[in-house]
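Participant: This is the structure I want to talk about, given as structure tokens.
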Ligand SMILES: C[S@@+](CC[C@H](N)C(=O)[O-])C[C@H]1O[C@@H](n2cnc3c(N)ncnc32)[C@H](O)[C@@H]1O
């Protein structure tokens, strides 16, 4: 049964989270970042996370890599604010949070300016007619290719085998080169950076799923 009072409270809670996003100095709406991004990022090595959710993965990466700046991107400000406040509380200043759609990234960043693009547990959109929304669709891969610096990498983490193998096919079809691959990341010898757990990943691992991982580059 739906209790209207719960509904009102839930809506208020969401509004409160949006207000927190708007008030945080490390959170930006798309239009704000279009203006301020170039100055904020100038001179930094840049890594971005697409569909970052809470952005806690980017926060942890930023804590471990003070030499780079990380930008966590998601359409949902109420999720991003969680990572943003975690970063503020811990005094981690090299991570920023941008509320934008994945297809807008080529407006947010200059060509060849990104060292690493992380795509962590994107929605798999299993229906065939929704394939265009998958963030590993060729239309997205083409945008990633234009943004990556010459030695830059694209890293994908996912639990869904069907989505993961479809994504591998798209990468190969778009002439990306697979540099690192694991169907059970946490049981592999791959870098500890890759093993930092995202919010969704934590949940899936507790349910007994495994994390698939690929790092790919465009060109050599
Ligand atoms: C399954 S969640 C994973 C969140 C996070 N990466 C994690 O692993 O905990 C997928 C996220 O992608 C975001 N998302 C979906 N479509 C998007 C789009 N077109 N642009 C930006 N974010 C998107 C959703 O809002 C959601 O937070």
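Participant: Please give the peptides 142-148, 109-115 ranked by average Cβ packing (other Cβ atoms within 10 Å per residue), highest first, as a rough proxy for protection.
Facilitator: Most protected by this proxy first, the peptides run 142-148, 109-115.
Participant: For a quick check: sort 39, 54, 45 by the number of other beta carbons within 10 angstrom, fewest at the front.
Facilitator: Working: 39 7, 54 22, 45 16.
Arranged by neighbour count, lowest to highest, 39, 54, 45 become 39, 45, 54.
Participant: Taking the simple approach of a point 7 Å from Cα along Cα-to-Cβ for both residue 32 and residue 104, what is their distance in nm?
Facilitator: The modelled label-to-label distance comes out at 1.2 nm.
Participant: Per the Cauchy relation, a quarter of the hull surface: what is the mean projected area of the convex hull of the alpha carbons in region 114-220, in nm²?
Facilitator: Values: hull surface 26.3 nm².
For the Cα atoms of region 114-220, the hull's average projected area reads 6.6 nm².
Participant: Still on this structure, please answer the following. Can you tell me what the convex hull of the Cα atoms of the chain projects to on average, as an area in nm²?
Facilitator: Mean orientational projected area (the chain, Cα hull): 13.6 nm².
Participant: Here's something else I'd like to know. If eta is 1.306 mPa s and T is 10 °C, what Stokes-Einstein diffusion coefficient results for region 38-86, Kirkwood Rh from Cα pairs, in µm²/s?
Facilitator: On the way: Rh = 11.0 Å.
My calculation gives 144 µm²/s for D.
Participant: Right, next: Using only Cα atoms, what is the ratio of the radius of gyration of region 27-143 to 2.2 N^0.38 Å?
Facilitator: 1.03
Participant: Evaluate the relative contact order of the chain (contact order divided by residue number), counting alpha-carbon pairs under 8 angstrom at least 6 apart; express in whole percent.
Facilitator: It comes to 19 percent, rounded to a whole number.
Rule-based calculations on the coordinates, nothing more; no lab input. Because the structure is predicted, anything quoted here is derived from the model rather than measured. Here the Cβ is made from the backbone with ideal geometry for all residues, glycine too, and neighbour counts use every protein chain on show.
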